[in-house]
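Let me begin by presenting the structure, written as C-alpha cells, before commenting on it.
The values are calculated or read from the model by the stated rules, or taken from the named source; none is laboratory data. All figures in this text were calculated on a predicted structure; none of them were measured in a lab. Reconstructed Cβ throughout: ideal geometry from the backbone, glycine too, with neighbour counts over all protein chains shown.
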C-alpha cells in the first residue's frame with residue numbers, strides 16, 4: 001500500500017507510521033481497520049529495492065545537526081568539492097532539505113534547466129565526477145515554496161533513493177535539514193537495508209546549538225546510526241584588520257570540545273568564521289579551492305583529509 | 001485536554017498574535033522573539049510566547065526558565081511565567097519533556113496534533129501580545145499553527161533573514177507561504193548584519209550585506225531593520241539574561257527597539 005493512499009484523508013499519518021489507523025484523522029478512512037491492525041506496517045519493500053540500487057555506492061554519509069544554520073550544507077558542499085578534487089573519485093550529494101534546499105545555489109547550479117521533470121533530470125553535474133540531486137532543481141522560480149506535510153516529504157525521499165540510478169559511486173553524501181523528524185527518520189529507514197557508514201554532526205560553539213545537537217546524537221544512538229564525529233563551525237572570528245580573535249558565538253558551556261569529551265565522540269575539527277565562506281556559497285563556488293590558503297579552508301581540508309582521504313591529497 | 005466550546009476560548013483575551021518565521025534555520029528567530037518579548041514587556045505590555053519548535057525548543061533557555069512542570073487548570077495548560085508579576089508567559093515542548101536532552105523524534109502528524117493543543121489549550125488569560133516562534137521551513141508545524149489560528153485574528157508575521165543570498169533564497173519561499181496562507185507580512189528583519197570588532201571597530205560583513213533590504217524591496221514588504229552580530233547578545237540569550245536590561249546603551253539594543261517600534265506601528269496601522 002502506498003505510504004499515503006489516494007483515498008486517505010488530509011492528515012493521514014502514513015500507513016507505515018506507528019500511528020497508522022489510530023489518529024483522529026483516521027476516523028472514517030476506508031483503510032483505518034487495516035492500518036490499525038498493523039498489517040500495513042510490513043517492512044517497506046522499498047528498503048530492499050534501495051539496498052539493490054545502492055550496491056554500487058561504496059560509502060554513504062549523512063550530515064546532520066539538531067540545530068539550524070550551523071553550516072550543514074556549507075560543510076556538505078566543501079566535503080564533496082574536496083572529495084571530488086581527485087578526479088578518480090565519484091561523488092554525489094543528495095539534498096533532502098525539501099523546504100529549504102540550499103545546495104543548488106551553493107554548488108553553482110541554481111537556475112539549471114530541468115529538462116523533463118523526471119527523476120533523472122534531478123541529477124545535475126558540477127563536474128564529471130560530482131553530481132548533485134535536490135528538489136531545488138524542480139522549482140521553476142526562486143519564490144516557489146514546497147509546502148508539504150511529513151508523509152509527502154517521506155514519499156519524495158523514498159523516490160530519491162529508490163528510483164534514481166545512482167551508478168558507481170565512491171561517496172554519497174546526504175545533506176539534511178535541522179531537526180529529528182520525518183526527513184531524518186525516512187532517510188535512516190530507507191537506507192537501513194543499504195547501510196549508512198555514519199553521520200557527521202555539525203554544531204557551533206554555543207550551548208543553544210549544543211542542546212539541540214545532543215538531541216541529534218540521542219537520535220543517532222536510538223536508530224543505531226554510527227557517529228563519525230562532530231565538527232564545530234563558526235569557531236571564532238579573526239578580524240582581518242587587527243587580527244584579534246572574537247568569539248561571536250561564545251562557547252559558554254565549553255563548546256563542542258567539552259560536549260565531545262562528555263559524550264565520548266571524536267571532535268573532527270573546528271572551523272573559524274570567515275566572510276569568504278558565505279560569499280563562496282552565495283556565488284556557488286568552492287571555498288576550498290578559492291581560498292585554499294585561508295585558516296578556514298585549512299580546517300575543512302584537514303577534516304576531509306583525516307576522515308576520508310587517508311593517504312591521498314585533497315588539493 | 002480541556003477543550004472550550006469555542007476554539008478561540010483561550011485566545012479570547014489575546015489582543016495581538018504575531019508569528020516569527022523564516023525559511024532558513026539559525027538566522028535568529030528565537031533570539032528575535034525573545035528580545036521583542038522583552039522589549040514589549042519593558043514597554044509595559046503583557047506578553048506570551050508560544051514556542052512551536054518541537055525538535056529544537058530554544059526559548060526556555062533564552063528566558064532562563066529551564067526545567068519547569070506544566071500544570072493544568074479548568075481551561076487547559078497553565079503557561080510558565082518568567083516572573084512573579086506574570087508579565088511574560090511561555091509555553092514550549094521543553095517543559096513537557098522528562099529529560100531536556102531527550103530528542104523529540106516525531107513525524108508530522110504527531111507534531112500537528114500537539115501544536116493544535118498548544119494553540120487551543122493554553123490558558124493565556126489576558127495578553128497584549130502572543131508571539132509564536134517557529135522552526136525553519138514550510139511544513140507541518142507552520143501549517144498547523146496557521147490552520148489552528150484561523151478562527152482568531154492573526155496580525156501577521158515577521159520574517160527573519162541574514163544578509164546572505166543562501167538565507168534570503170529560503171526566506172523568499174517563506175514569503176510565498178505567507179501569501180498562500182493569507183498571512184500578512186508585518187516586515188522583514190535582517191539579523192547578523194555585520195560585526196564590529198571590539199578591538200579596532202572595523203566592521204566585517206561576515207554573512208554578507210544588504211540581502212534583507214533587497215528582499216524587502218523585491219517582495220514589497222516593509223523592512224523593519226537590521227540587528228548586528230553581537231557577542232553580548234549571544235551570551236545573554238545563552239545564559240537567559242535580559243539583554244534589554246543589561247545593555248541599553250548598545251547599538252544592538254537600539255536596533256531591537258527600532259524594530260519593536262516598527263512592528264507596533266505596523267500593527268496599529270492595520
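Those helices (runs of 4 or more DSSP H) of segment A:1-87 in which 3 or more residues are in contact (Cβ under 8 Å) with a residue 40 or more places away in the chain, touching a helix residue (DSSP H, G or I) at 6+ places or on another chain (Cβ under 9 Å) and within 21 Å of residue A:286 (Cα to Cα) occupy A:72-84.
Within this structure, residue A:101 fails the test of being surrounded by 22 or more Cβ atoms within 10 Å (Cβ to Cβ), out of contact with any strand residue (DSSP E or B) (no Cβ under 9 Å at 6 or more places or on another chain) and closer than 23 Å to residue A:201 by Cβ. On the stretch given as segment B:135-145, residues that are in contact (Cβ under 8 Å) with a residue 60 or more places away in the chain and within 11 Å of chain A (Cβ to nearest Cβ) total 7. Residues that are surrounded by 19 or more Cβ atoms within 10 Å (Cβ to Cβ) and without any contact (Cβ under 8 Å) to a residue 60 or more places away in the chain were ranked within segment A:251-269; the one that is farthest from the other protein chains (Cβ to nearest Cβ) is A:269.
Within segment B:225-241, take every residue that is more than 7 Å from chain A (Cβ to nearest Cβ) and closer than 14 Å to residue B:192 by Cα and give me the one that is surrounded by the fewest Cβ atoms within 10 Å (Cβ to Cβ). Result: B:232.
Of the residues B:73, B:64, the single one that is in contact (Cβ under 8 Å) with a residue 24 or more places away in the chain, on the phi > 0 side of the Ramachandran plot and out of contact with any strand residue (DSSP E or B) (no Cβ under 8 Å at 6 or more places or on another chain) is B:64. Residues that are touching a residue at least 40 places away in the same chain (Cβ under 8 Å) and assigned to a loop (DSSP other than H, G, I, E, B): does segment B:244-267 have at least one? For segment B:244-267, residues touching a residue at least 40 places away in the same chain (Cβ under 8 Å) and assigned to a loop (DSSP other than H, G, I, E, B): absent.
Entry remark, segment B:177-186: residues being in contact (Cβ under 8 Å) with a residue 12 or more places away in the chain and either within 11 Å of chain A (Cβ to nearest Cβ) or under 19 Å from residue A:142 (Cβ atoms) (or both) number 4 in total. Residues that are within 11 Å of chain A (Cβ to nearest Cβ), surrounded by 13 or more Cβ atoms within 10 Å (Cβ to Cβ) and without any contact (Cβ under 8 Å) to a residue 24 or more places away in the chain within segment B:76-100 comprise just one, B:97.
Okay, residues lined up against (1) facing chain A (nearest Cβ under 8 Å); (2) in contact with a helix residue (DSSP H, G or I) (Cβ under 8 Å, 6 or more places away or on another chain); (3) modelled with pLDDT of 95 or more:
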{"position": "B:161", "(1), (2), (3)": "no, yes, yes"}
{"position": "B:170", "(1), (2), (3)": "yes, no, no"}
{"position": "B:188", "(1), (2), (3)": "no, yes, yes"}
{"position": "B:191", "(1), (2), (3)": "no, yes, yes"}
{"position": "B:196", "(1), (2), (3)": "no, yes, no"}
{"position": "B:201", "(1), (2), (3)": "no, no, no"}
{"position": "B:208", "(1), (2), (3)": "yes, yes, no"}
{"position": "B:218", "(1), (2), (3)": "no, yes, no"}
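Considering the conditions (1) part of a strand (DSSP E or B); (2) more than 23 Å from the chain's Cα centre (by Cα), residue A:258 is excluded by exactly one of them, (1). The set of residues in segment A:277-312 that are within 14 Å of another protein chain (Cβ to nearest Cβ), part of a helix (DSSP H, G or I) and surrounded by 16 or more Cβ atoms within 10 Å (Cβ to Cβ) comprises A:277, A:278, A:279, A:280, A:281, A:282, A:287, A:296.
Residues in segment A:261-276 that are assigned to a strand (DSSP E or B) and out of contact with any strand residue (DSSP E or B) (no Cβ under 8 Å at 6 or more places or on another chain): there are none. Just so you know, in segment A:161-194 the residues that are surrounded by fewer than 24 Cβ atoms within 10 Å (Cβ to Cβ) and modelled with pLDDT under 90 include one that is nearest to residue B:109 (Cα to Cα), and it is A:163. Looking for something surrounded by 22 or more Cβ atoms within 10 Å (Cβ to Cβ) and over 28 Å from residue A:236 (Cβ atoms) - is there at least one such residue anywhere in segment B:195-214? Looking for residues that are surrounded by 22 or more Cβ atoms within 10 Å (Cβ to Cβ) and over 28 Å from residue A:236 (Cβ atoms), one finds none in segment B:195-214, hence no. Of all the numbered requirements in (1) in contact with a strand residue (DSSP E or B) (Cβ under 6 Å, 6 or more places away or on another chain); (2) free of Cβ contacts under 8 Å to residues at least 24 places away in the same chain, residue A:171 misses one, and that requirement is (2).
If you check residue A:133 against the conditions, is it in contact (Cβ under 8 Å) with a residue 60 or more places away in the chain and crowded, with 18+ Cβ neighbours inside 10 Å? The answer is no for residue A:133.
When residue A:246 is tested against (1) under 26 Å from residue B:198 (Cα atoms); (2) in contact with a helix residue (DSSP H, G or I) (Cβ under 6 Å, 6 or more places away or on another chain); (3) at the interface with chain B (Cβ under 9 Å from one of its Cβ atoms), exactly one condition is not met: (2).
Taken over segment B:106-134, the criterion of being free of Cβ contacts under 8 Å to residues at least 40 places away in the same chain and surrounded by fewer than 22 Cβ atoms within 10 Å (Cβ to Cβ) is satisfied by B:110, B:113, B:116. Residues in segment A:238-250 that are free of Cβ contacts under 8 Å to residues at least 40 places away in the same chain and either crowded, with 16+ Cβ neighbours inside 10 Å or assigned to a helix (DSSP H, G or I) (or both): A:239, A:246, A:248.
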